[in-house]
Amino acid sequence: MIERLMRIDLIKYEALGNDYLVLDLPGPLDELVQILPLLCDRHRGLGSDGLLAFDPKAMTVRIFNPDRSEAQKSGNGLRIAAAHAVLEHRAGDRFELRTPGGPNPVHILASKGPEVTSEVDIGRPSFLAADLPARFDGEPDRVSLDTPAGRVDAMLVSVGNPHCVVFDQPVTADRVIELGPHLERHSAFPERTNVQLFEVVDREHVRVEIWERGAGYTLASGTSASAVAAACMRSGLVDDRVTIEMPGGRLDVRREVSGHLVQSGPARRVYRATLDLADFGQD
């Protein structure tokens, strides 16, 4: 049972329509994770795609989905954490954020009012099935997956978290909502996976729809944008700089000589909230 009169301050941010509540640590993280399904509900709670637990001293970020699961990495979450570090903790123009997926260098490009534009080094993508993990051997170019919504061909990509980039499907919200739940929980992915449908508009522009592991249909995802860019680059469909267009907006992704992917885009503070955790508890 949640103790009564336990009040906590949260700040909501959005990055291309992908929104997170941010909790500064130390704080009642376990209690918040317990109520995340209700807290993130857009009708019965504050409404959010998840929770970021930010430690301003260690500059670490933990990312929790609305279903209470913890994600290894989130590109939009990292840019939101970067904005939070600048707006609330006076971080400089260059620093590093650490997630369970590893360290991520950040460069602040602009800060105006509640909006901060930054570029984040997502790291080097991996196409090894074991890195997702997925139940395939080696580093397959494409895999075929049977689902109740039909068979699909996909590329396996890890950018610190798992992605299933699906080829040759209609790039619509309806189709990704139809396929996403089956692929997320497909037996090939023992730890589940994120899912993307994509369409190459030209060599510098790709359109994407996204189903996010633990969150469902989402307007934008930074790691999904990077995974699609990596899959398209590996397939020779795009150049080393590409704009990923998602329903929530656009992210620019470039591949460095090192092979690392760097993405740039905005994040914006939306509101502050003070809640009594007992209001979300059960007697």
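What follows is calculated from the coordinates using simple rules that are stated; it is not laboratory data. These figures come from a predicted structure and were not determined experimentally. Here Cβ is always computed from backbone atoms with ideal geometry, including for glycine, and neighbour counts include all displayed protein chains.
Per residue, the average separation of C-alpha pairs within less than 8 Å and at least 6 apart gives the chain a relative contact order of 23 percent.
Applied to region 131-138, the Karplus parametrisation 6.51 cos²θ - 1.76 cosθ + 1.60 on θ = phi - 60° returns per-residue 3J(HN,Hα) values of 7, 6, x, 9, 8, 9, 9, x Hz, with x for Gly and Pro. For a quick check, take a GNM of the chain with Cα springs below 10 Å and name the residue from Gly123, Gly236, Gly113 with the largest mean-square fluctuation. Judging by the Gaussian network model, the answer is Gly113. Each stretch of four or more DSSP H residues adds -39500 (n - 2.57); spread over every residue of the chain, this sum gives -5000 deg cm²/dmol at 222 nm. Computed over the alpha-carbon pairs of region 129-259, the distance histogram in 5 Å steps reads 2, 12, 24, 26, 20, 12, 4, 0, 0 percent, short to long. For region 143-209 versus region 25-74, the spacing of their alpha-carbon centroids is 25 Å.
Around the amide H of Gly50, modelled in the peptide plane, lie the amide H atoms of Leu21, all under 5 Å away and 5 or more residues distant in sequence or on another chain. Scoring 243-256, 188-201, 133-146, 213-226 by mean Cβ neighbours within 10 Å over their residues and listing the highest first yields 213-226, 188-201, 243-256, 133-146. When you restrict to C-alpha pairs under 8 Å that are six or more residues apart and normalise by the size of region 129-259, the relative contact order lands at 19 percent. Computed on region 66-215, the Cα convex hull volume stands at 140 Å³ per residue.
Among Ser158, Ser69, sorting on how many other beta-carbon atoms sit within 10 Å of each Cβ, with the fewest leading, yields Ser69, Ser158.
Springs join every pair of Cα atoms under 10 Å in this Gaussian network model of the chain, and among Ala83, Ala230, Ala91 the largest mean-square fluctuation is at Ala91. Full extension of the chain between Gln34 and Asp141 gives 34.6 nm of extra length, using 0.36 nm per residue less the Cα-Cα distance. Take each peptide in 44-50, 56-62, count the other Cβ atoms within 10 Å of every residue, and average; sorted highest first, the result is 44-50, 56-62. What the pair-distance distribution of region 6-113 shows, using all Cα-Cα distances binned every 5 Å from zero, is 2, 12, 26, 26, 19, 9, 5, 1 percent.
Note on Arg185 and Tyr217: the extension gain reaches 10.1 nm, defined as 0.36 nm multiplied by sequence separation minus the Cα-Cα distance. When the Kirkwood radius is taken over all Cα pairs of the chain, what Stokes-Einstein diffusion coefficient follows at 25 °C and 0.890 mPa s, in µm²/s? After rounding, the answer is 129 µm²/s. Full extension of the chain between Ser235 and Asp93 gives 47.7 nm of extra length, using 0.36 nm per residue less the Cα-Cα distance.
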